[in-house]
1. Need a quick list: helices (runs of 4 or more DSSP H) entirely within the stretch 216-319 having at least 3 residues that are in contact with a helix residue (DSSP H, G or I) (Cβ under 7 Å, 6 or more places away or on another chain) and buried (at least 19 other Cβ atoms within 10 Å of the Cβ).
2. Identify the single condition in (1) over 21 Å from Cys230 (Cα atoms); (2) at pLDDT below 95; (3) out of contact with any helix residue (DSSP H, G or I) (no Cβ under 7 Å at 6 or more places or on another chain); (4) not basic (Lys, Arg) that Ala380 does not satisfy, given that it satisfies every other one.
3. Can Val32 be described as open to solvent by less than 30 Å² (accessible area, probe 1.4 Å) and either in contact (Cβ under 8 Å) with a residue 12 or more places away in the chain or under 27 Å from the mean Cα position of the chain (by Cα) (or both)?
4. Give the residue that is farthest from Leu427 (Cα to Cα), with candidates limited to residues of the stretch 386-402 that are open to solvent by less than 10 Å² (accessible area, probe 1.4 Å) and out of contact with any helix residue (DSSP H, G or I) (no Cβ under 7 Å at 6 or more places or on another chain).
5. Taking the conditions exactly as written (over 30 Å from Met242 (Cα atoms), among the hydroxyl-bearing types (Ser, Thr, Tyr), in contact with a Gly (Cβ under 8 Å, 6 or more places away or on another chain) and not in a helix (DSSP H, G or I)), does Ser45 satisfy them or not?
6. What is the residue count in the stretch 73-102 for residues that are surrounded by 17 or more Cβ atoms within 10 Å (Cβ to Cβ), small (Gly, Ala, Ser) and farther than 17 Å from Ser299 by Cβ?
7. Please go through the stretch 407-431 and pick out each residue that is in contact with a Phe, Trp or Tyr (Cβ under 7 Å, 6 or more places away or on another chain) and either among the polar types (S, T, N, Q) or surrounded by fewer than 15 Cβ atoms within 10 Å (Cβ to Cβ) (or both).
Amino acid sequence: GIKKPFTEVIKANIGDAHAMGQRPITFLRQVVALCTYPNLLDSPSFPEDAKKRARRILQGCGGNSLGSYSASQGINCIREDVASYIKRRDGGVPADPDNIYLTTGASDGIATILKILVSGGGKSRTGVMIPIPQYPLYSAAISELDAIQVNYYLDEENCWALDVNELRRSLNEAKAYCNPKVLCIINPGNPTGQVQNRKCIEDVIHFAWEEKLFLLADEVYQDNVYSEGCQFHSFKKILYEMGPEYYNNVELASFHSTSKGYMGECGYRGGYMEVINLHPEIKGQLVKLLSVRLCPPVSGQAAMDIVVNPPIPGEESYSQFIKEKESVLNNLAQKAKLTEDMFNKVPGIHCNPLQGAMYAFPRIFIPSKAIEEAKVHKMAPDMFYCMKLLEETGICVVPGSGFGQREGSYHFRMTILPPVEKLKILLEKVKDFHIKFLEKYA
């Protein structure tokens, strides 16, 4: 009941596109609706290409119903569609449906792979190398499995680039207390938004090959690339192009999801992973492990199918689909630029170019007086800053300490998902708050 100096809380803390007002993609919803309620297949309100896809998915379901369990690995025809999508995306690099596992969002796939990779005790306990800053799913899953978190730092001065020398430093130090076996890469980055160039990916693959590391490539933002001169390259494609010595030996799991991109369908919990070069016995264990959770949500599998099998030129839904997809992505690109430009005009805030993904991770200057007051409240300085921002403006963002950051540096992560007009208001409010904060604690 306390009067606040704002009328609403703006939740810029989580990458939940539809909650922020993004409209669903019509074609995806049409197909899922038809699958959910097949009586609609007789309705003239639905286009024929949507009906065709829905019939195909339903034929793959037990009893032609989304309400039946699927195979643990996912519906066969959807895994075939994923394999075709990967082959198209990667310019003809072959993909085997048998290496595709449909998952409950990408998170479920990542946690599952980590589960089969973690073993040993004491100094032989599995070490998992993760980027700092990182998406907290990784630190949480590592902690839950009682594995060892091995940090490598992204280079903020160089647009959050990944440097192989830093990977080597991190690995060599970790060997003293664990057995580093897994290297996680997030590309495009979350929370940092950088897009890795081809040379960087080649260097990382060579490093993984040299050190016999299992590569996890989190590529859920592969459709979200905005900066000129930036392009998404999949780890699978580059691995293949580096030749058979790499392609036949480096173990790689890559992940995608319905939750991000232009779809923003977080609630369906649709995703897939492609796992290559897994030893046949380990593969058997992976399938067994997946069988314990029966199957991923079948409606989420249907949604994933539309992401990998969208309308094609010549089909009746194509023009509307492309228009909606481009509208979402162009809008995000505009908001990425707007956010970067606005932050960099504020004294005491620095924001790297938002090359991709859906977030800004600006560096904020926090005066020593504020750091002292945060200590009194038993809070990290950036948590103190974010709580003040919330109390005074109603804007909810996440402190950088939740993702990890270099000692003595402070950040926060916010999404760029609110509608443009609301985002402008949000950025203005952050600017005013930050200037007042600096004045108060200077």
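1. It comes to 235-241, 298-308.
2. Against the list (1) over 21 Å from Cys230 (Cα atoms); (2) at pLDDT below 95; (3) out of contact with any helix residue (DSSP H, G or I) (no Cβ under 7 Å at 6 or more places or on another chain); (4) not basic (Lys, Arg), Ala380 comes up short only on (3).
3. Considered against the rule, which asks whether it is open to solvent by less than 30 Å² (accessible area, probe 1.4 Å) and either in contact (Cβ under 8 Å) with a residue 12 or more places away in the chain or under 27 Å from the mean Cα position of the chain (by Cα) (or both), Val32 comes out as yes.
4. The residue in question is Cys386.
5. no
6. 2
7. Thr415
Quick grid of which residues meet (1) within 30 Å of Leu167 (Cβ to Cβ); (2) over 23 Å from the mean Cα position of the chain (by Cα); (3) outside the structural domain of Gly261 (by the TED database):
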| position | (1), (2), (3) |
| --- | --- |
| Ser45 | no, yes, yes |
| Arg53 | no, yes, yes |
| Cys77 | no, yes, no |
| Ser107 | yes, no, no |
| Ser119 | yes, yes, no |
| Gly122 | yes, yes, no |
| Val128 | yes, no, no |
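The values are calculated or read from the model by the stated rules, or taken from the named source; none is laboratory data. Just so you know, these numbers come straight off a predicted model, no measurement behind them. Neighbour counts are summed over all protein chains in view; Cβ atoms, including those assigned to glycine, are modelled from backbone coordinates with ideal geometry. Only protein heavy atoms, including side chains, enter the accessible area calculation; ligands, DNA and RNA are left aside. Shrake-Rupley method; radii C 1.70, N 1.55, O 1.52, S 1.80 Å.
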